[in-house]
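The values are calculated or read from the model by the stated rules, or taken from the named source; none is laboratory data. Owing to the predicted nature of the structure, the values given are computational and were not obtained by experimental measurement. Neighbour counts are summed over all protein chains in view; Cβ atoms, including those assigned to glycine, are modelled from backbone coordinates with ideal geometry.
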There are 2 protein chains.
Amino acid sequence: MQEIKGLLEQIKQHDKLAIRVSSNSNNYLPADVMKMLTQPHRKANYFFVFVESGSVTHKVDLKDLTITSGQLFFVLPNQIHSVPEQKKDDIECFKMSFDQNCLSLLPKHFLFLLNPLNSQIISFNSDSRQRVQLLFEILNKILHADNDQKDSEIILAHLNALMTEFNNAYFKNVVKEKSETNKLSKYIEFQIAVETHFTEQHSVQTIADHLSITTNNLYNIVKEFSGVSPKEFITNRLMLEAQRKLFYSDTSVKELAYELGFSDPDYFSKLFKKTTGKSVTQFVGSIQDLLSN
Amino acid sequence: MQEIKGLLEQIKQHDKLAIRVSSNSNNYLPADVMKMLTQPHRKANYFFVFVESGSVTHKVDLKDLTITSGQLFFVLPNQIHSVPEQKKDDIECFKMSFDQNCLSLLPKHFLFLLNPLNSQIISFNSDSRQRVQLLFEILNKILHADNDQKDSEIILAHLNALMTEFNNAYFKNVVKEKSETNKLSKYIEFQIAVETHFTEQHSVQTIADHLSITTNNLYNIVKEFSGVSPKEFITNRLMLEAQRKLFYSDTSVKELAYELGFSDPDYFSKLFKKTTGKSVTQFVGSIQDLLSN
């Protein structure tokens, strides 16, 4: 199967944020990229489709999901995604992709991205649907404007509003799917345990005990659904929080390490560099760069 | 002069957030309240007027300010505000009020609220103006809906987007006023010094030295423009940050005190209670209450 890591970097619409929003009328992608995205591939980023009218079927992790007018559909990093051949003339929709780094610059963590209810389709009440549509229009317009109009803070503020709408609607109006397997429900329990306790540095063993499975079993399940080991999963969550804290407050490395439950700031710094590819100093520099446009 | 502290509590549109947004067509206020607000009064909260079409004159701190189509005008807590009698048939505008507590629940501090450029009128480029208009429509609609539709997180996310637009436009398109007095520019310097260094617990003496004025002089200036002493001003800023941190992260009182530059967590707790009227535990409880609707 095709790995498409790095693809968003090529098709993103902002020089500093890896984000892309398009509507029917402006989704111009090179033919080879289009082909790659319709074939089964492992997603490297978050992907959303909001259907304004018509309906469309996407395949995620071998399941067919049909989304109709007023619904949103999302794919998470590491899921296998494809778009089966179908008649598409009558569908109007917005599409959005962004990466983990972009997510780390939003002020809150959105629980729906753990997909605890095991459904990737969200519907909205009529007011909320209208707001979602307006926010997509706003983001779509900003990201297709001239470069000097694309202010990062404005984009992030509207993206945050949109994600808040999704999160809210997810827990209010989720469209339940069938086929909740035991493995998947264990994976969801694992994610929630991490989300609730990640700053306390829970060991993988403790979480496995909590879920009443062996660490081996937990390893296999987490690896299958997320592509990484339980340990890496926890580290990634911690580093996401670290990036968010660096963006939203003036925290020293020492304080940050302490807040995230690390007793050794040097170990924390090493882990940060290893996970994000940047040292804390480089990351803080890139934030300043981002805010200076 | 009339003090109108507590007025927003009576006319707010949300059971937990002290916020009010209205357009021409739904700004129904009791006649006595309307009269109070047109007469000179000391504002207890933030107030914004966005003019869609027409023009209107407001009086702030004895200065007449005329705002025309596409402009925003803001009044800060403690400023003296009135609306001179004028023909109003041809003006279409949105009005918004919210209190300090509401502001503390937004993820970022907005520098334009210090008014460092000494102008209370903001204009927008055409794209940004359109977005501001849409966001006012969204907030106006949510706040006039049935109570069970008024989700706090959604309101705060859109309010954050709107304030981000204001902040951005303020520094890009500020409409400069005349008459910047020396006293006012010292007050602005003071605010910026506090904003830059507040977590380092700078003493009032250090700031006065930095501004090359005596502490007495500084006291008089800060008291005149903000209504509080320099010491109280710094404490208020610290407690605003404390509330924000409590809302956006799971921080213990000890960590929080440390992050804000207090060596004694008990002293911090006392100050928090004295300034906000709630203990940290009560405040955290009120956040949980806010998010449960």
Out of B:GLY261, B:GLY285, which single residue is in contact (Cβ under 8 Å) with a residue 40 or more places away in the chain and of a type in the set (Gly, Ala, Ser)?
B:GLY261
Looking at (1) more than 30 Å from B:PHE198 (Cα to Cα); (2) in a helix (DSSP H, G or I), which is the only condition A:TYR258 fails?
(1)
With the condition kept exactly as written, say whether any residue in the stretch B:248-269 is surrounded by 18 or more Cβ atoms within 10 Å (Cβ to Cβ), assigned by TED's automatic domain parsing to the domain that holds B:ILE213 and under 19 Å from B:ALA157 (Cα atoms).
yes
Single residue of the stretch A:144-157 satisfying the filter (facing chain B (nearest Cβ under 8 Å) and over 20 Å from A:SER104 (Cβ atoms)) that is modelled with the lowest pLDDT:
A:GLN149
Would you please name the residue that is surrounded by the most Cβ atoms within 10 Å (Cβ to Cβ), looking only at residues in the stretch A:158-176 that are at pLDDT 95 or above and within 10 Å of chain B (Cβ to nearest Cβ)?
A:ALA161
Here's a check for you: in the stretch A:256-271, which residue that is farther than 23 Å from A:GLN288 by Cβ and within 13 Å of chain B (Cβ to nearest Cβ) is nearest to the chain's Cα centre (by Cα)?
A:GLY261
Taking the stretch B:1-26 on its own, how many of its residues are of a type in the set (Lys, Arg) and at pLDDT below 85?
2
Starting from the stretch A:41-52, take each residue that is not assigned by TED's automatic domain parsing to the domain that holds A:LEU114 and list its partners that are among the aliphatic types (A, V, I, L, M) and part of a loop (DSSP other than H, G, I, E, B), counting only C-beta distances under 6 angstrom and pairs at least six apart or across chains.
none
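Condition check ((1) out of contact with any helix residue (DSSP H, G or I) (no Cβ under 6 Å at 6 or more places or on another chain); (2) under 21 Å from A:LYS172 (Cβ atoms)) across all residues:
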residue	(1), (2)
B:LYS108	yes, no
B:ASN125	yes, no
B:LEU143	yes, yes
B:ASP146	yes, yes
B:HIS158	no, yes
B:GLU165	no, no
B:PHE171	yes, no
When you look at A:LEU72, is it aliphatic (A, V, I, L, M), more than 22 Å from A:GLU165 (Cβ to Cβ) and assigned by TED's automatic domain parsing to the domain that holds A:SER126, yes or no?
no
Filter the stretch B:59-84 down to the residues that are free of Cβ contacts under 8 Å to residues at least 24 places away in the same chain and not polar (S, T, N, Q), then identify the one that is farthest from B:GLN120 (Cα to Cα).
B:LEU62
Scan of the stretch B:272-292 for residues that are in contact with a helix residue (DSSP H, G or I) (Cβ under 6 Å, 6 or more places away or on another chain) and over 15 Å from B:LYS245 (Cα atoms), ordered by number:
B:THR275, B:LEU290
Filter the stretch A:149-170 for residues that are of a type outside the set (Val, Ile, Thr) and free of Cβ contacts under 8 Å to residues at least 24 places away in the same chain; the one that is nearest to A:LYS95 (Cα to Cα) is A:HIS158
Subset of the stretch A:6-32 [exposed (fewer than 13 other Cβ atoms within 10 Å of the Cβ), without any contact (Cβ under 8 Å) to a residue 40 or more places away in the chain and either under 25 Å from A:ILE142 (Cα atoms) or in contact with a helix residue (DSSP H, G or I) (Cβ under 6 Å, 6 or more places away or on another chain) (or both)]
A:GLY6, A:GLU9, A:GLN10, A:SER25, A:TYR28, A:PRO30, A:ALA31
Search the stretch B:225-255 for residues being closer than 28 Å to B:LEU76 by Cα and not in a helix (DSSP H, G or I), and hand back the single one that is farthest from the other protein chains (Cβ to nearest Cβ).
B:GLY227
